[in-house]
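Report on the following structure.
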Amino acid sequence: MDSSFAERLVAWQKKYGRNNLPWQKSHDPYVRWLAEIMLQQTQVKTVIPYFDRFIERFPTVQDLAEATEEEVMKLWAGLGYYSRARNLHKCAKEVQCRFNGSFPIELSDLESLPGIGVSTAAAIRSAATDEPCAILDGNVKRVLARHGMIGKGLTPRETENLLWADARSKTPLKEGRTYAQAVMDLGATVCTRTKPLCALCPVNQDCKAFQTDSQLEFPVKKVRAPVPEEILNLAVYTDGNEVYLLRKSERYWKGLWTLPQLRDEEAEQSEEVLPAIEHRLTHLLLRIYPVRLPIPAKIPAAWKAFTKEQIKTEALPTPIRKLLLEVL
Ligand code: SF4
């Protein structure tokens, strides 16, 4: 075990780390799970208002399990990566029926639940119990890859294995909660992606990337295939007061309210073309071409009318909400 790495990080965390985040007031695994899921690919300052609203509306896992999917999606809308919200709801239901509403803290139980991977399970357990558990989220990977210059000339699988071995060897035998928070805080606030603040880093004296001025070469980037694109011709059927939306039931934005889609020839006939939008999802680039149209005489059963006020609070994808708030 590399105790000196851990000791320096723990001491640094106590002095400079983030110790007043809303979820840190609790060691309840439900609370810590909720925060961990929300924090995936999302910054702390974005998560805080969502977390506060969720905890207020769903103070226990039972409350979340008993909510409708629509209500969960509505509270989540704007936070992105919507499969997390669906898995969150699914997970709460499983905890309710498989664990009798008591959120588990054993790693194997946690990893068996939807949306909880190995690192998230470890983060929940260490936060809930203070037991040391190796974690390896995106921030931690960056710290360890730079500190040990891990990844050059290796396959992604080999790199991942080495990083896990390194994460385990650096995890101390005590103060698991503070160490896990420390290594995540260091990645989020000091060892940042593009401008690491190495002069402020508690482990800079043995960081290999710092010593060789090669911080930005780590983590080694995967060669990415070009992102596929999809064209969406969307219809804003409105009389100026209300707009018709339908609930998406497949692929991206599943469960959210969005605009009806038009065929190319229908879109071309429209007279009022609205500004085009480019929106990037994780694995897809959407090119959205909206047009304004009058409300048709016959309204399909799946459509629902929304006012501008409802658009502000209902579960809509962010670019669609933004578009409608501008055009209504
Ligand atoms: Fe990251 Fe710099 Fe610290 Fe190395 S010295 S771990 S590159 S912040």
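The values are calculated or read from the model by the stated rules, or taken from the named source; none is laboratory data. The structure displayed is predicted, hence computed values, not measured ones. Backbone-built Cβ (ideal geometry, glycine too); neighbour counts: all protein chains shown. Protein only, heavy atoms only, side chains kept; ligands, DNA and RNA dropped before computing areas. Shrake-Rupley method; radii C 1.70, N 1.55, O 1.52, S 1.80 Å.
Which angle from 0 to 90°, rounded to the nearest 10, does the C-alpha axis of helix 83-98 make with the longest principal axis of the chain? Helix 83-98 and the main axis of the chain meet at about 70 degrees. With the simple spin-label model, which puts each label point 7 Å out from Cα in the Cβ direction, the THR60 to GLU7 separation comes to 4.5 nm.
With helices as the sole contributors, the chain gives -13000 deg cm²/dmol at 222 nm; each DSSP H run of n ≥ 4 counts as -39500 (n - 2.57), and the sum is divided by every residue. A simple charge model with +1 on the Cβ of Lys and Arg, -1 on the Cβ of Asp and Glu and nothing else charged puts the dipole of the range 229-327 at about 520 debye relative to its Cα centre.
Which whole-number percent gives the relative contact order of the range 229-327, counting Cα pairs below 8 Å spaced six or more residues apart? Don't jump to the answer; show the numbers that get you there.
Details: 167 pairs, mean separation 35.9, N = 99.
Result for the range 229-327 is 36 percent.
Between the range 63-134 and the range 271-300, the alpha-carbon centres lie 34 Å apart. Per atom type, the range 3-217 shows carbon and sulfur on 52% of its accessible surface, probed at 1.4 Å.
Measuring nothing but how far apart in sequence close Cα pairs (under 8 Å, 6+ apart) lie, relative to its length, the range 90-143 scores a relative contact order of 25 percent. Taking each residue as 0.36 nm, the span from VAL118 to LYS304 lengthens on full extension beyond its C-alpha to C-alpha distance by 62.9 nm.
Cα centroids of the range 2-50 and the range 169-233: 16 Å apart.
Across PHE218, PHE99, the residue with the most accessible area heads the list, and the full order at a 1.4 Å probe is PHE99, PHE218. Peptide packing for 108-115, 27-34 was compared via the average number of neighbouring C-beta atoms within 10 Å per residue; ordered from the highest value, the list is 27-34, 108-115.
Modelled this way, with points 7 Å down the Cα-to-C-beta line, the labels at LYS312 and GLN41 are 2.9 nm from one another.
Beta bridges from DSSP with both residues in the chain: antiparallel share about 60 percent, rounded to the nearest 5. For the range 193-328, the extents of the C-alpha atoms along the principal axes are 72, 32, 26 Å, listed from largest to smallest.
Cross-link pairs exceeding 32 Å between alpha carbons, from the set LYS45/LYS254; LYS14/LYS141; LYS93/LYS221; LYS15/LYS222: LYS93/LYS221; LYS15/LYS222. Determine, from the Cβ-Cβ distance of GLU106 and GLU271 and an R0 of 56 Å, the FRET efficiency 1/(1 + (r/R0)^6), rounded to the nearest 0.05. With R0 = 56 Å, the Cβ-Cβ based efficiency is 0.35.
Leaving ligands and nucleic acids out of the surface, order MET184, MET73 by accessible area at 1.4 Å, largest first. Intermediate values should be presented prior to the final figure.
On the way: MET184 25, MET73 0 Å².
If we order MET184, MET73 from most to least accessible, we get MET184, MET73.
Remark on the chain: ratio of C-alpha radius of gyration to 2.2 N^0.38 Å is 1.16. Surface analysis of the range 150-238 yields an accessible area of 58 Å² per residue, using protein heavy atoms and a 1.4 Å probe.
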